[in-house]
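Following: one structure in C-alpha cells, then a few remarks.
The values are calculated or read from the model by the stated rules, or taken from the named source; none is laboratory data. Being a predicted model, the structure only gives us computed values, none of them experimental. Cβ coordinates were reconstructed from backbone atoms using ideal geometry, including for glycine residues, and neighbour counts include every protein chain displayed.
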Amino acid sequence: MANIVQYRNKCIGCGICYEMMPEIWRMSKKDGKATLLKAVLKKDVFVLPIVHSMIAEAKRVAHACPVKIIRVNEF
Ligand code: SF4
C-alpha cells in the first residue's frame, strides 16, 4: 500500500508530473497548477492511494518536481 501526497498550493505549474505520469496528473486550466486526479483533499494536501506497480514511477516524479511538493509514502 502506498500513496502520493501533493502540496498543491505550492505548485509552480511546470508540468513535469503531467509529462511523466499523464495517467494521474492534469494541468488545471483554471489556476495552471497540477491536479492529482481522483485525489482526496486532507487538510492542506491532496492524497491519492496508488498500487504497488506505480510506486517507482511516482518516486521518479516526486524527485523531478522542482519545488519538491510531491511525496510518496509506503506503508
Ligand atoms: S512537477 Fe511539481 S511544480 Fe511541477 S507541475 Fe507537478 S506538482 Fe507542480
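Descriptive notes on the structure:
- Listed here are the strands (runs of 3 or more DSSP E) enclosed by the stretch 1-70 that have at least 3 residues being touching a Gly at 6+ places or on another chain (Cβ under 9 Å), more than 8 Å from the ligand (Cβ to nearest atom) and modelled with pLDDT under 95, and there are none.
- Residue that is surrounded by the most Cβ atoms within 10 Å (Cβ to Cβ) [pool: residues in the stretch 37-75 that are in contact with a Phe, Trp or Tyr (Cβ under 6 Å, 6 or more places away or on another chain) and over 15 Å from M20 (Cβ atoms)]: A39
- Checking each residue in the stretch 1-15 for being under 7 Å from K33 (Cα atoms) and surrounded by fewer than 18 Cβ atoms within 10 Å (Cβ to Cβ) picks out I12, G13.
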